[in-house]
1. From the Cα gyration tensor of the range 367-417, with a ≥ b ≥ c the square roots of its eigenvalues, which class applies: rounded if a/c is under 1.5, or else prolate if a/b is larger than b/c, or else oblate?
2. With a 1.4 Å probe and every protein chain left in place, work out the accessible area per residue of the chain in Å², rounded to a whole number.
3. Per residue, how much space in cubic angstrom lies within the convex hull of the C-alpha atoms of the chain?
4. Specify whether the C-alpha gyration tensor of the range 173-243 places it in the rounded, prolate or oblate class, a ≥ b ≥ c being the square roots of the eigenvalues: rounded for a/c under 1.5, otherwise prolate if a/b is larger than b/c and oblate if not.
5. Out of every Cα-Cα pair in the range 23-111, what percent are more than 16 Å apart?
6. Whole number please: convex hull volume per residue, Cα atoms of the range 201-242, in Å³.
7. Short version: ³J(HN,Hα) in whole Hz for each residue of the range 223-236, in order, from phi by Karplus 6.51 cos²θ - 1.76 cosθ + 1.60 (θ = phi - 60°), x for Gly and Pro, what are they?
8. Show that you can apply the helix-only estimate: for the chain, add -39,500 (n - 2.57) for every DSSP H stretch of four or more residues, divide by all residues, and state [θ] at 222 nm to the nearest 500.
Amino acid sequence: MSFLHPEGDKLVSNNSSRSIRFVLFATVVTAIGGFLFGYDTAVINGAVSYVKAHFLLNSSQEGMAGASAIAGCIPGAMFSGFLSDRFGRKKILLLCALLYASSGLLSAVPNTFTEFLAARFISGLGIGASSMICPVYIAEISPEKWRGRLGTLFQLGIVTGIFLTLFVNKLIQGLGDEQWDTDYGWRWMLGMEILPAAAFMALLLAVPESPRWLVQRGWDAEAQKILEKAGGAEHARTEMAAIREAMNLEEGHFTEMLRRPWLRPLMIAVFLMACSQFCGINAIIYYSTRIFASAGGGQSAAFTSSVWVGLINLVFTWAAICLVDRAGRRMLLLLGTSAQAVALALVGWMFHARITGLPLLICVVLFIAAFAMAMGPVSWLFCSEIFPNKLRGRAMSVASLTVWVSCYVVAQTFPMLNDSPAIGPAKTFAAYAVVSLFSFFFVLVFLPETKGRTLEEIEKMWSSAVSSRRTEMPHAKN
């Protein structure tokens, strides 16, 4: 079965094959931004205990170390939408690659904790910006029949980065004794990011600009050529007509998102992205080594458990890629959030009952599998689809900003909540379970299905919904 064709038909046309290669190359290169996102997000997992020992940190400072990159994610997400709307998606992606490389170098050589925080802040700028731009770029260049699968490649890049980082962390951790890891090991863990960042920068030079951004700026001829490469001449003609019809070539303004019909998709995006973080996913991604160690395993066993978490994350993201254009976004989210709630409730109960080892690992893995199959990839994909072309960059900035503010709260508070005698891990994971249960009902009530629709058709869906409600309202009497 073809990876890109949801029906599994053979694609024998030379033009179709060229289109697939063109779009797949552009999206895979963009997904390296997701890989770096995942690497930078997870590298602190293995490094934080050694950073804590090296700089003699308390629990609050340990939370700062874990959340330091996220502090940079917030302004990175906040300003990247405006910058990408003004200068183009590709230029800002190149800037992201430069930020990742700079952070990898500076994070490996700090002499003080303040220098470490500053280096991690730089990486956060790159994460925040790429978390907004990569899904937008993929959505804007992909034909609708492939957009679901191609859109989830960004999340696949993230979880691949997370998995390989956990594996690299384990290998580096085994190169020396505890003292070597405290003095040097964590520096190698952080510094290895330079290699994929350099590759990302080089490959981006061969990637085209977003055709929808080009039309928005008035460069129709160049956009037409890219759309022809992406889906053929007929696809290009249809898309250009739809883009021109849907798009006011004047630049969109932030205040437009606060009015109908765009306020509803904005609120959906904000709530969906907040739920994706307050379910506690990054408490596990950042601190799984710490969680398993505190549950009774040694540091080496905790590293091994964290690698299993990363592997399951990777495998079930592939499941999302296979299912998202068949089952649809909404169904995957309903299945995933319900499974998350059950798994997290079991994790909380196991901590309460002092059950550790394999049963705890299985429940954590169940949560990771549910998140990787649904909330992880689908929330980014869905938010990249539901906004009009002229507002997509700014709207995704708001969605990404929501992710990173929520993520910062989780990463900053988890060590303190976990260590608190009054709260502890049992109540912490129970609270995460409640968020997942809320997410299920939120998706059930508010989320429409976007499977198989062009971006312009989705845009019309919101406008039509507002028009329908207006016609159903009784007319006021004179």
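1. Oblate shape, in that a/c is at least 1.5 and b/c is the bigger or equal ratio.
2. Numbers: 18670 Å² over 478 residues.
Normalised by residue count, the accessible surface of the chain is 39 Å².
3. Details: hull volume 72.5 nm³, N = 478.
Per-residue hull volume (Cα only) is 152 Å³.
4. Values: a/c = 5.03, a/b = 4.43, b/c = 1.14.
Prolate shape, in that a/c is at least 1.5 and a/b is the bigger ratio.
5. On the way: 2449 of 3916 pairs.
Considering the range 23-111, 63 percent of its Cα-Cα pairs are separated by more than 16 Å.
6. Numbers: hull volume 2.8 nm³, N = 42.
Convex hull of Cα atoms, per residue: 67 Å³.
7. After applying 6.51 cos²θ - 1.76 cosθ + 1.60, I find 4, 4, 4, 5, 5, 5, 5, 7, x, x, 5, 5, 4, 5 Hz.
8. Numbers: 19 runs with 377 residues, N = 478.
So the helix-based figure for the chain works out to -27000 deg cm²/dmol.
The values are calculated or read from the model by the stated rules, or taken from the named source; none is laboratory data. Model, not experiment: these values are computed from the prediction. Please note: Cβ atoms are built from the backbone with ideal geometry, for glycine as well, and neighbour counts cover all protein chains shown. We work out accessible area using only protein heavy atoms, side chains counted, and drop any ligands, DNA or RNA first. Shrake-Rupley method; radii C 1.70, N 1.55, O 1.52, S 1.80 Å.
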